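Take a look at the structure set out below.
The numbers here are math on the coordinates, done by the rules we state, and not lab data. Nothing here was measured: the structure is a model prediction, and the numbers come from that model. Here Cβ is always computed from backbone atoms with ideal geometry, including for glycine, and neighbour counts include all displayed protein chains.
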Amino acid sequence: MKKKLLITSIGSLVGQNILDSLQNRRNNLRIIGTNSMAEVANNFRCDSSYLVTQAENVDKYIEQLRKIVEKEQPDLVIPGRDDDVVILAQLSKKMPEFQDQFLVGSEHFARVLDDKVKSYQFALRYRIPFAPTIESGIPDAENSVRKLVAEYGYPLIAKPSKGNGSRGMWIVVRESQLEKIIKEPGFAIQPLFGQPKDLEIDLSFGLPFFWEIPETRLFAAQVIINKKSEIISIFGFISKMVGGKCERMDKCDDPKLIEVVRRFAEAAVKEGWRGPFNIQLKKDPTHGFQVIEMNGRFSGGTSARYHLGFDEVGRTLEDWIGKGVIPERPLPQGINVVTKILSDFEIKQSNVDALNNEKSWTSLK
């Protein structure tokens, strides 16, 4: 009998990467997706899909997922977005009989991962290197950020505390900008490591149609923490980021990078985490590797890492739902660079209509 894999927010970039990683290896799997939009290609790359409310409607979303889990009895439930990581951690407590079917750890640490300010506070407790992070909109924010500027200077970066995918971020290069954003609640303000101190936009001809900061390299690592809360693998890499998406990935075995990542992973295990663990870092000439954020899911680089010889999806499935689920085949060898390109996927209107009308869709294959 085929194992059932339920992937939430299947329309996300993470959902696409999981599906791509399982390409031509799905004979023993039945893949079920959930998504809040019907007209999305990944819905119809699954064996069946469910239309659900947006994750912002937390109570309704949790109830819909609960009913789907009870109906489908999946062998594993994988989060496809940061919001889903917290929600699945909550749901695992509400459904203890399915606790080992949710690919997440403790709800407490899921909330740490979901908030960059809490992530920084976590790092402080364990004395591990995380970019200094100031919460905007609180009484002492102005004093704290002045100290940050005095030590690190400009530019700074202001990120939504609970944001992802590089959305809603601002680069702060002068005092007048800082005065405004420090009063707005919901931002995490950090030094922008690796950038020239005189970073500015040339507005002499107007607003540029596209603008990108000069340095786009992002150091990162993906960690596999198994069901027994053991760290079984760490894979370091460098991503070339364009518009918040990875366009190129290079393998990185820097011992100092791996050492920092291991310390974070060990601390995460102590906080009750298991499953995927992703860490993003900047390398500063003065301060060395500094973690800038963490998450507890597969990522937009998951399929690229497979081609670099790191089969995180396959190894995770084997650990959580059993050996032999993924057919054995040699991993790619001798590859140190992967580039990502766009591809096309056609969508039949009849399938979209069925999903919109019935709130579920199943492939006839």
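If I take R0 = 35 Å and measure r between the Cβ atoms of Y126 and D254 in this structure, what FRET efficiency does the formula 1/(1 + (r/R0)^6) give, to the nearest 0.05?
Numbers: r = 21 Å, r/R0 = 0.60.
That gives a FRET efficiency of 0.95.
For the range 172-191 and the range 254-289, write down the distance between their C-alpha centroids in whole Å.
Taking the Cα centre of the range 254-289 as reference, the centre of the range 172-191 is 27 Å away.
What number does the chain give for Rg over Rh if you use C-alpha atoms and the Kirkwood radius? Working shown, then result.
Values: Rg = 21.0 Å, Rh = 21.6 Å.
Rg/Rh: 0.97.
Of K71/K227; K251/K340; K4/K67; K60/K359, which ones are farther than 19 Å apart at the Cα?
On the way: K71/K227 24 Å; K251/K340 14 Å; K4/K67 15 Å; K60/K359 15 Å.
Among K71/K227; K251/K340; K4/K67; K60/K359, the Cα-Cα distance tops 19 Å for K71/K227.
Under 8 Å for C-alpha pairs, at least 6 residues apart: give me the relative contact order for the chain, rounded to a whole percent. Working shown, then result.
Details: 676 pairs, mean separation 71.2, N = 365.
In percent, rounded to a whole number, it is 20.
Rounded if a/c is under 1.5, else prolate if a/b is larger than b/c, else oblate: which is the range 1-75, with a ≥ b ≥ c the root eigenvalues of its Cα gyration tensor? Mind showing how you got there, number by number?
Details: a/c = 2.35, a/b = 1.33, b/c = 1.76.
Because a/c hits 1.5 or more and a/b fails to exceed b/c, the range 1-75 counts as oblate.
For the chain, what proportion of DSSP beta bridges, expressed in % and rounded to the nearest 5, is antiparallel?
Details: 45 of 59 bridges.
Roughly 75 percent of the beta bridges in the chain run antiparallel, per DSSP.
How would you rank R329, R274, R315, going from fewest to most other Cβ atoms within 10 Å of each one's own Cβ?
Details: R329 9, R274 25, R315 15.
Lowest to highest Cβ neighbour count: R329, R315, R274.
Could I have the simple spin-label model distance between S36 and K323, label points 7 Å from Cα toward Cβ, reported in nm to one decimal?
In this crude label model, S36 to K323 measures out at 4.2 nm.
Given the C-alpha centroids of the range 85-99 and the range 335-358, what is the distance between them in whole angstrom?
Comparing the Cα centres of the range 85-99 and the range 335-358, I get a distance of 29 Å.
Taking each pair of different alpha-carbon atoms in the range 132-191 once, compute 1/r for the pair, average those values, and report the inverse of that mean as the Kirkwood hydrodynamic radius in Å to one decimal. Don't skip to the answer; put the middle values down first.
Numbers: mean 1/r = 0.0894 Å⁻¹.
By the Kirkwood definition, the hydrodynamic radius is 11.2 Å.
Please go through the range 1-79 and write out the GluC sites (Glu not before Pro) that DSSP classes as loop and that have at most 16 other C-beta atoms within 10 Å.
Details: sites: E39, E56, E63, E70, E72; in loops: E39, E56.
The qualifying sites are E39, E56.
Running a GNM on the chain with Cα contacts under 10 Å, which residue among N17, N278, N28 ends up with the highest mean-square fluctuation?
N28
In nm, give the distance between the simple-model label positions of F209 and S176, each being 7 Å from the Cα along the Cα-to-Cβ direction.
With each label point 7 Å from Cα toward Cβ, the separation is 2.8 nm.
Between the DSSP loop rule and a limit of at most 16 other Cβ atoms within 10 Å, which trypsin sites (Lys or Arg not before Pro) in the range 62-139 are left?
Values: sites: R66, K67, K71, R81, K93, K94, R111, K116, K118, R125, R127; in loops: R81, R127.
Hits after loop and neighbour filter: R127.
D344 to N24: extension gain in nm, 0.36 nm per residue of separation minus the Cα-Cα distance?
Details: separation 320, 0.36 × 320 = 115.20 nm, distance 1.77 nm.
Contour length minus Cα-Cα distance gives 113.4 nm.
Using per-residue counts of other Cβ atoms within 10 Å, averaged over each peptide, order 258-267, 132-141 from highest down. Kindly include the intermediate steps, with their values, before the conclusion.
On the way: 258-267: 18.2, 132-141: 16.7.
Highest to lowest by the protection proxy: 258-267, 132-141.
Can you sort M249, M1, M169, M241 from fewest to most other Cβ atoms within 10 Å of each residue's own Cβ?
Details: M249 23, M1 5, M169 15, M241 20.
If I rank by nearby Cβ atoms, fewest first, I get M1, M169, M241, M249.
Using the crude model of +1 on Lys and Arg Cβ and -1 on Asp and Glu Cβ, and no other charge, please compute the dipole size for the chain relative to its Cα centre, in debye to 20. The partial results should precede the final answer.
Numbers: 51 positive and 48 negative charges, 166 e Å.
Computed about the Cα centre, the dipole is about 800 debye.
So what's the gap between the Cα centers of the range 5-45 and the range 218-251, to the nearest angstrom?
20
Using a Förster radius of 56 Å, what is the FRET efficiency between E200 and M1 based on their Cβ-Cβ separation? Nearest 0.05, please. Kindly include the intermediate steps, with their values, before the conclusion.
Details: r = 61 Å, r/R0 = 1.09.
With a Förster radius of 56 Å, E is 0.40.
Give me D84, D115 ranked fewest to most by other Cβ atoms within 10 Å of their Cβ, as a rough exposure proxy.
Numbers: D84 26, D115 19.
Going from sparsest to densest Cβ surroundings: D115, D84.
Using a ≥ b ≥ c from the Cα gyration tensor of the range 28-142 (square roots of the eigenvalues), is it rounded, prolate or oblate, where a/c under 1.5 gives rounded and otherwise the larger of a/b and b/c decides, a/b for prolate?
Working: a/c = 2.38, a/b = 1.92, b/c = 1.23.
Here the range 28-142 falls in the prolate category.
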